[in-house]
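Heads up, the thing below is written out as structure tokens.
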Amino acid sequence: MTDYSPLLSAVPGIKHGFGNKGALLPELLLPYHATLPEKKQVHGIRIVDVHHPAQTCGEADGFFTREPGILISVLTADCLPVIFSRNDGKAIAAVHAGWRGLLDGILEQMAQHINREDGTANWVAAIGPAAGPCCYEVNEELVARFQEVLPLPPELISPQHRHLDLAAIAEKKLYALGFAAVDRAGSCTICTQNHDPRLPQRFKYTSYRRNSHRRTQDPSHPGIKGRNQYSGIVITG
Ligand SMILES: [Zn+2]
């Protein structure tokens, strides 16, 4: 039931996957768990070059490596995970992009990072499970800010009153930044039901927002700290 990107699955020499509530880290990435960089995601736009397994990265929301065997990942629970690969599998990257990261330009930062010695035209990107336009309601001021700042059709940014479509915004940006191809894997983290009969839970993904709603109604409901799902990618060579 793990989500995969057809685009990334076609790239040689890499493994990737998007976790969910039943498998926070996709099973095929488990052997690489100890190599994960140490990091703190802060909804910022800082991107780190990863050279060593378990590298200390500090506060960062984007990761880039050419080293085989090092798993890079982002943790999300409604925000948008985007993972990237060079089309020959020789370099990979991952980004955590919530609404703030999208507005502040984390995808642009990653494109710049790639363009230092390479070009985004040699890269593909996959957008993972996140809060969908069906459920991601925000205030009107935020929708207006997006529509003001981004040169995109207003109905693409917000297909429904006060709802944001993070994935559609990211996809448009990635194409505008010159990536060769972009696809999407997974579905809305807030409303997608679990269809795996082996798992007890009602919903497929962990969702910060769904959880905080339930906690408001029932304060004894457990929080999800440390229960975010991983979107990860590794060069296997
Ligand atoms: Zn939804």
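The values are calculated or read from the model by the stated rules, or taken from the named source; none is laboratory data. This structure is a prediction, so every number in the text was calculated from the model and none was measured. No Cβ is skipped: glycine too gets one built from the backbone with ideal geometry, and neighbour counts run over all protein chains shown.
Observations, loosely collected:
- Of the strands (runs of 3 or more DSSP E) lying entirely inside the stretch 1-116, those containing at least 1 residues that are under 14 Å from Tyr230 (Cβ atoms) are 14-18, 38-40, 62-65, 72-76, 80-86, 92-97.
- Residue in the stretch 172-191 that is touching a residue at least 60 places away in the same chain (Cβ under 8 Å), polar (S, T, N, Q), in contact with a strand residue (DSSP E or B) (Cβ under 6 Å, 6 or more places away or on another chain) and buried (at least 17 other Cβ atoms within 10 Å of the Cβ) present: no
- Residues (in contact with a Leu (Cβ under 8 Å, 6 or more places away or on another chain) and either closer than 21 Å to Tyr230 by Cα or within 16 Å of the ligand (Cβ to nearest atom) (or both)) located in the stretch 145-163: Ser158
- Residues in the stretch 197-219 that are loosely packed, with under 13 Cβ neighbours inside 10 Å and part of a loop (DSSP other than H, G, I, E, B) were compared, and the one that is nearest to the ligand (Cβ to nearest atom) is Arg202.
- If you go through the stretch 119-162 and keep only what is touching a strand residue (DSSP E or B) at 6+ places or on another chain (Cβ under 7 Å), assigned to a loop (DSSP other than H, G, I, E, B) and within 28 Å of Ile233 (Cβ to Cβ), you end up with Gly128, Pro129, Ala130, Pro133, Tyr136.
- Filter result (under 30 Å from Asn115 (Cβ atoms), within 16 Å of the ligand (Cβ to nearest atom) and part of a loop (DSSP other than H, G, I, E, B)) within the stretch 175-196: Ala185, Gly186
- Set side by side, the residues Leu142, Leu166 differ, and just one is modelled with pLDDT of 95 or more and either away from the ligand (no atom under 16 Å from the Cβ) or surrounded by fewer than 16 Cβ atoms within 10 Å (Cβ to Cβ) (or both), which is Leu142.
- Scope the stretch 121-139; condition of a type in the set (Val, Ile, Thr), closer than 30 Å to Arg86 by Cβ and either modelled with pLDDT under 95 or within 16 Å of the ligand (Cβ to nearest atom) (or both); matching residues: Ile127
- Condition check for Gly89: more than 14 Å from the chain's Cα centre (by Cα) and within 21 Å of Leu177 (Cβ to Cβ): yes
- Restricting the stretch 27-61 to residues that are in contact with a helix residue (DSSP H, G or I) (Cβ under 7 Å, 6 or more places away or on another chain) and crowded, with 18+ Cβ neighbours inside 10 Å leaves a set whose member that is nearest to Leu102 (Cα to Cα) is Ile45.
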